[in-house]
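The values are calculated or read from the model by the stated rules, or taken from the named source; none is laboratory data. Computed from a predicted structure; not experimentally measured. Positions of Cβ are backbone-derived with ideal geometry, glycine not excepted, and every protein chain shown enters the neighbour counts. SASA here: full protein model, heavy atoms, side chains in, ligands and nucleic acids out. Shrake-Rupley method; radii C 1.70, N 1.55, O 1.52, S 1.80 Å.
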Amino acid sequence: MSVRGNSLTDRNASAELAQPSGGDTKVSSPPVRPRRKGIGWAGRLEIAILVGPALLVFFGFVIFPVIAAAYYGFFRWQGYGPPTDFVGFNNYLLILQDPAFHAALSHNAFIVVMSLVLQGPAALLVALLLNRRMRGQSIIRVLIFVPYVIAEVVVGVGWSLMLQQRGAVNGFLENVGLGGLEQDWLANPDIAIWTLMAIITWKYFGFAVILFLAGLQGIPEELSEAAAIDGASFWQTQWRITVPLLGPTLRIWAFLSIIGSLQLFDLVYIIWGQYVASTAGTSTMATYMVSEGRNSGNYGYGSAVAVVLFLISLVVALIYQRFVLRRDTAGALTGGKR
């Protein structure tokens, strides 16, 4: 009985202590969050003025051409006058059934894979070496980056002249006693695609190196110093620390390389032309579009090829972003559930 009485007394005492002075027994309510103020008409007008011109340019040069190409792709159209010969999906069925388009698609896939295999590791190795202090570092960077800033027309014309049967490359091989290695670099179907890959690697190798060097500047040097103190060698530090931290830059470069390889046109068209590219085994979807569309006078069919090329690039970009770039974009997005 005494235990029960003591417990009641303790409860009454704790209740009295919990009550505020003056006998006020109101329970405190949670703090009310202040409402966010609207942007207002002035803010909306400012956003429209700043974003409006960019949206007009994007719609006029990206969205509208895609819609127009999709529309003309349903007609047999010669490029002038209103399209009247409606063929429905016949153009798209012809594209999917044409062996020439299959060959061009396979060439694009080969270029995508080989660009990643050849350019990526070599550019990463050179970037890691150039990231160290050495004499002539700036000059080497400039020389590596020079091919990228040269116009594609200049590159195409220059290499087409040097790679002819009586060009500079075969002449050099003959002068140094390697005449047995002379080849028809542009017309031989067995080596023409490899010639194209060599030119592409030479042209875009500098861009990958400069991009990787820019990514290396964001990696703290303290990590490498700490690894060196722990006894790690230079290459162990690069493999265990630098390369993983350079992952976002590597993935962005791979994305740009894939999209550029799918849309490759200028170098192939300048060096091989509209007819030699198909026989030499270097045709791409873009050169197929021009040769079978504009040059053949069938702009409706060419528009359908453009739509197919756009859809392939879009699907590849979405898949890559979903499964590869997701880890890089997840942290940059805001407004999601916590």
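A few comments on the model shown:
Rundown of residues vs (1) among the basic types (Lys, Arg); (2) closer than 16 Å to TYR204 by Cα; (3) at pLDDT 90 or above; (4) not in a helix (DSSP H, G or I), yes/no style:
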residue	(1), (2), (3), (4)
VAL126	no, yes, yes, no
ARG132	yes, no, no, yes
ARG135	yes, no, no, yes
VAL142	no, yes, no, no
VAL146	no, yes, yes, no
VAL153	no, yes, yes, no
VAL157	no, no, yes, no
GLN165	no, no, no, yes
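- Residue in segment 64-75 that is within 30 Å of TRP202 (Cα to Cα) and surrounded by 16 or more Cβ atoms within 10 Å (Cβ to Cβ) present: no
- Complete set of residues in segment 279-297 that are of a type in the set (S, T, N, Q) and crowded, with 20+ Cβ neighbours inside 10 Å: THR282, SER283, THR284, THR287, SER291
- Annotation note: Cβ proximity below 6 Å between a residue of segment 232-250 that is under 20 Å from LEU118 (Cβ atoms) and part of a helix (DSSP H, G or I) and a residue that is at pLDDT 85 or above and small (Gly, Ala, Ser) (sequence gap 6+ or interchain) occurs for THR249/GLY215.
- For segment 119-156, a residue qualifies if it is under 15 Å from ILE199 (Cα atoms) and open to solvent by 70 Å² or more (accessible area, probe 1.4 Å), and the qualifying residues are TYR148, VAL149, VAL153, VAL154.
- Of the residues making up segment 89-115, those that are assigned to a helix (DSSP H, G or I) and open to solvent by 40 Å² or more (accessible area, probe 1.4 Å) number 13.
- Qualifying residue in segment 98-106 (condition: more than 24 Å from TYR204 (Cβ to Cβ) and either under 19 Å from the mean Cα position of the chain (by Cα) or of a type in the set (A, V, I, L, M, F, W, C) (or both)): yes
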